[in-house]
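Only one structure is covered here, and it is reproduced in the block below.
The values are calculated or read from the model by the stated rules, or taken from the named source; none is laboratory data. In this text the structure is predicted, and so the values were computed from the model without any measurement. Here the Cβ positions follow ideal geometry from the backbone for every residue, glycine too, while neighbour counts run over all protein chains shown.
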Amino acid sequence: MLFVIFCLDRAGTEEKRKQAIQAHMDYLATKPIKVVMSGPLTTDGGDRAIGSLFLVEATGRGEVEAFQRGDPFYNAGIWDMVEVRAFNKRVG
């Protein structure tokens, strides 16, 4: 089953994000869940990250939530808002 994880950063956490990026990338490299696609959400100019987007494949919501709670960005308090939604791919 596919899920989208949509995360928006807390105001004032740009420096925290920079400090945690390597730990975040290392965590994703351990493949704790099947990540179909992921990357930063940015300002319209693309000059600054303002959040994160993941498309993941998992057996259920619990697996997705455990993945999200294990992420160093989550544990560093970078994300202000996290939405997890089931996704039904129709095109692409």
Quiz item: Given the conditions (1) under 23 Å from residue 86 (Cβ atoms); (2) surrounded by 15 or more Cβ atoms within 10 Å (Cβ to Cβ), and given that residue 49 satisfies all but one, which numbered condition is not satisfied?
Solution: (1)
Quiz prompt | In region 1-54, the residues that are farther than 18 Å from residue 72 by Cβ and of a type in the set (Asp, Glu) | solution = 44, 47
Exercise. Please list, ordered by first then second residue, the pairs with beta carbon atoms under 6 Å, 6 or more apart or interchain, first in region 12-25 and assigned to a helix (DSSP H, G or I), second surrounded by 13 or more Cβ atoms within 10 Å (Cβ to Cβ) and aromatic (Phe, Trp, Tyr).
Key: 20/73; 24/73
Quiz item: List pairs: first in region 68-92 and closer than 16 Å to residue 50 by Cβ and buried (at least 17 other Cβ atoms within 10 Å of the Cβ), second modelled with pLDDT of 95 or more and of a type in the set (Lys, Arg), Cβ under 8 Å, 6+ apart or cross-chain?
Solution: 73/17; 78/10; 78/16; 78/17; 79/10
Quiz item: Of all residues in region 9-25, which are among the β-branched types (Val, Ile, Thr) and under 13 Å from the mean Cα position of the chain (by Cα)?
Solution: 21
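Being of a type in the set (A, V, I, L, M, F, W, C) and in contact with a strand residue (DSSP E or B) (Cβ under 8 Å, 6 or more places away or on another chain) is the filter; apply it to region 23-46 and report the residue that is surrounded by the most Cβ atoms within 10 Å (Cβ to Cβ).
This residue is 33.
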Quiz item: So which residues in region 52-67 are surrounded by fewer than 13 Cβ atoms within 10 Å (Cβ to Cβ) and either in contact with a helix residue (DSSP H, G or I) (Cβ under 9 Å, 6 or more places away or on another chain) or among the β-branched types (Val, Ile, Thr) (or both), if there are any at all?
Solution: 59
Exercise. For region 26-57, name all the residues that are under 14 Å from the mean Cα position of the chain (by Cα) and in a loop (DSSP other than H, G, I, E, B).
Key: 31, 32, 33
